[in-house]
Amino acid sequence: MHRDTRILQAGYEPIERPGAFVGGPQFSATYTTPGSPSDHHLLYGRFQNPTWTAWEAALAELEGGAAVAFASGMAAIAAVFGVCLRPRDIVVLPSDCYYTTRMLASSWLASVGIEVRLAPTRGNQQAGALDGARLLWLETPANPQLDVCDIRLLADAAHTRGALVAVDNTTATAYLQQPLALGADYVVASDTKALTGHADLVLGHVASATPERVEAIRAWRTQHGAIPGPMETWLAHRSVATLPLRLQQQCASALAIAKMLASRSVVREVLYPGLEDHPGHEIAKRQMHAFGCVVSFDLVSQERADAFLTSSKLIRQATSFGSVHSTAERRARWGGDAVSEGFIRLSAGCESTQDLLDDIESALDQAS
C-alpha cells in the first residue's frame, strides 16, 4: 500500500468496523474508574486521551516510530532535553538552529550545569564538537537559513562517541524526511507548521523507535503536564490526511519561486536546498523526498524587504510557516539570527504556482 494511503487511514477506525470512522474530540478530564486503576485504560485527562491516541497513531505512521504528542514544539524539545541531559553533560547544538531552542539551552540548560556547544549546520561542522557529548541536536534544513547536514553521517559519528542524536524535523516534516530511519534516536517537530498546515493550532511531538525512550518521554509529559488540548489534537489529525497533497503543491511552488528569485538582480542570495548551487543540495537529494515549502532570500536592506512585503497581494506577513496560505517575513525584525536586514523567509502555500510567481515578480519590481 502506498505511504500516502497509509497516512490517510492512520488512526481511524478500520474499514470493516461499523459506525463512525471519523470520531470527534474527547473532552473528558476524568473517567469513571472503580476498583484498581490497572483495570482501566483511561484514568485521568493528564494521563491519557483517546484523541491523542488516534493522533499519535498517525504520527507513528509518518515517523516510523512511536510518537508522543505535546502542547507545542518547544514543549517537545524541552522533553528531550529533560529526559536526556543531566548536570555536567554536554549537548552540541547547531549555531543556526531555531532561535528559541538556543535560548532554552543558554538559559535553562546552562543554569543547571549542562555545557552547551554550538557549531554550524553547514559542512557537518557539529562533528568536530562531539568529544564527551551526551546529546547531539540537529536541525536540517535549519530555520531560517536552510543549511543542510548529513543526518546519517553525524548520527554514526555521535553513536561512535556514545552520544544520543535528536533531530528537529520541523522544516522538512516527517513526510519529506525520516530521521529515525537515518539513525536518529529522537525526532521532534513543531506540528504547528507544515505538518498540520492550516495555521489554526499549536502542537508538537517527539518520536523514537526505542520503546524505553518513548515511555520516558511519555512520563515526562505526564509529570510536567505539557499535554495537548483534545480540540487541537483532533484538528491536527484531520489536517494530516491532506499532508501529501498540500506538501506536493507547496514544494513544487517553492522550487519554482527559488529558481525565479535566483534570476532577479535585486536578490543578492537565494537559499533553498532544491537549487543545484545550494551547498547542501546533494545531501538533501539523498535524505529528503522533496525540498520543503520554505525559501529564504536576501534583498539586502530593510527598505527593499519592506517594500516587497507590502507590495505583495497574496503573501501574508506572518512569523510562522507551512500554512496553505503563503506567508513571509523579514527575519531580522526579531533578532537572534545572523541574517541581514533584508533577509526574508517565505513559505509557499497552496495557491496557484503561477499566481505566486506573478505576485512575487510584481512585488520585486516595487522593491527594486
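The values are calculated or read from the model by the stated rules, or taken from the named source; none is laboratory data. This is a predicted model, so every value here is computed, not measured. Using ideal geometry, Cβ is built from the backbone for each residue, glycine included, and neighbour counts are taken over all protein chains shown.
Structure notes:
- Test: residue in the stretch 211-230 that is in a loop (DSSP other than H, G, I, E, B), more than 18 Å from the chain's Cα centre (by Cα) and free of Cβ contacts under 8 Å to residues at least 40 places away in the same chain: no
- Scanning the stretch 152-197 for residues that are assigned to a helix (DSSP H, G or I), buried (at least 24 other Cβ atoms within 10 Å of the Cβ) and under 15 Å from the mean Cα position of the chain (by Cα) yields a total of 1.
- Residue in the stretch 235-246 that is crowded, with 19+ Cβ neighbours inside 10 Å, at pLDDT 95 or above, part of a strand (DSSP E or B) and assigned by TED's automatic domain parsing to the domain that holds N124 present: no
- Residues (over 20 Å from D306 (Cα atoms), charged (D, E, K, R) and more than 24 Å from the chain's Cα centre (by Cα)) located in the stretch 342-358: D355
- For the stretch 309-368, the tally of residues that are surrounded by 15 or more Cβ atoms within 10 Å (Cβ to Cβ), touching a Phe, Trp or Tyr at 6+ places or on another chain (Cβ under 8 Å) and within 20 Å of D191 (Cβ to Cβ) stands at 3.
- Answer from D191, D168, D185, D200 - the residue that is touching a strand residue (DSSP E or B) at 6+ places or on another chain (Cβ under 7 Å), free of Cβ contacts under 8 Å to residues at least 60 places away in the same chain, at negative phi and in the same structural domain as T101 (by TED's automatic domain parsing): D185
- The condition (being at pLDDT 95 or above, closer than 25 Å to E139 by Cα and in contact with a His (Cβ under 9 Å, 6 or more places away or on another chain)) is satisfied by just one residue among A256, A284: A284.
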